[in-house]
Amino acid sequence: MRRPTIYSQRTPLRFNITPLIDVVFLLIIFFLVASHFVRSEQAQQVSLPVATGGEVDNQQSPNRLTLTVEADGQLFLAGEPIAEDLLFERISQLETSDPAAPPEVRIRGDRDGEYGQMRRIIEYCASRRIQSIQFAVRNAGDAP
């Protein structure tokens, strides 16, 4: 008769890190895509007007639309040219997308441009009861 051994034949404990690697790759992809969208909002170079009382706005709102108005009146949304009627449609969608967060519109207007294009956008936002309209400006102390 064979005597039983005290030590059993167990396999060593191994950690499966495959799900951890998957999560890390998903986070990397998320941050790459998010940074692309943040950069594409400000892809169009415009000469912003100078203001002495400008405030830094670091808050990110899910219900914010940032658009650029060039000196010639051309509109850009997320770095892509857009027609005025399509922009108004996007503003209408912004208004109804999330009732908990108030809609915001940020206008990056060229300081050498005409005010007429921005005025039509402001009036349309007012007709849709959008109360938060912000203008991107450059502080007087910043380099040009």
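No lab work stands behind these numbers, since they all come straight from the coordinates. Since the structure is predicted, the reported quantities are computational estimates derived from the model, not experimental observations. Note: ideal-geometry Cβ built from the backbone for every residue, glycine included; neighbour counts use all protein chains shown.
To the nearest 20 debye, what is the magnitude of the charge dipole of segment 41-139 about its Cα centre, counting +1 on the Cβ of each Lys and Arg and -1 on the Cβ of each Asp and Glu?
Values: 10 positive and 16 negative charges, 54 e Å.
Once rounded to the nearest 20, the dipole reads 260 debye.
Show the residues, 5+ positions off or on another chain, whose built amide H is closer than 5 Å to the amide H of ARG64.
When sequence neighbours closer than 5 places are left aside, the close amide H contacts are GLU104.
Could you check what % of the DSSP bridge pairs in segment 41-139 are antiparallel, to the nearest 5?
30
Starting from the 7 Å offset along Cα-to-Cβ, what nm value, one decimal, do you get for the label separation of PHE135 and LEU26?
Taking the simple label geometry, PHE135 and LEU26 are separated by 4.4 nm.
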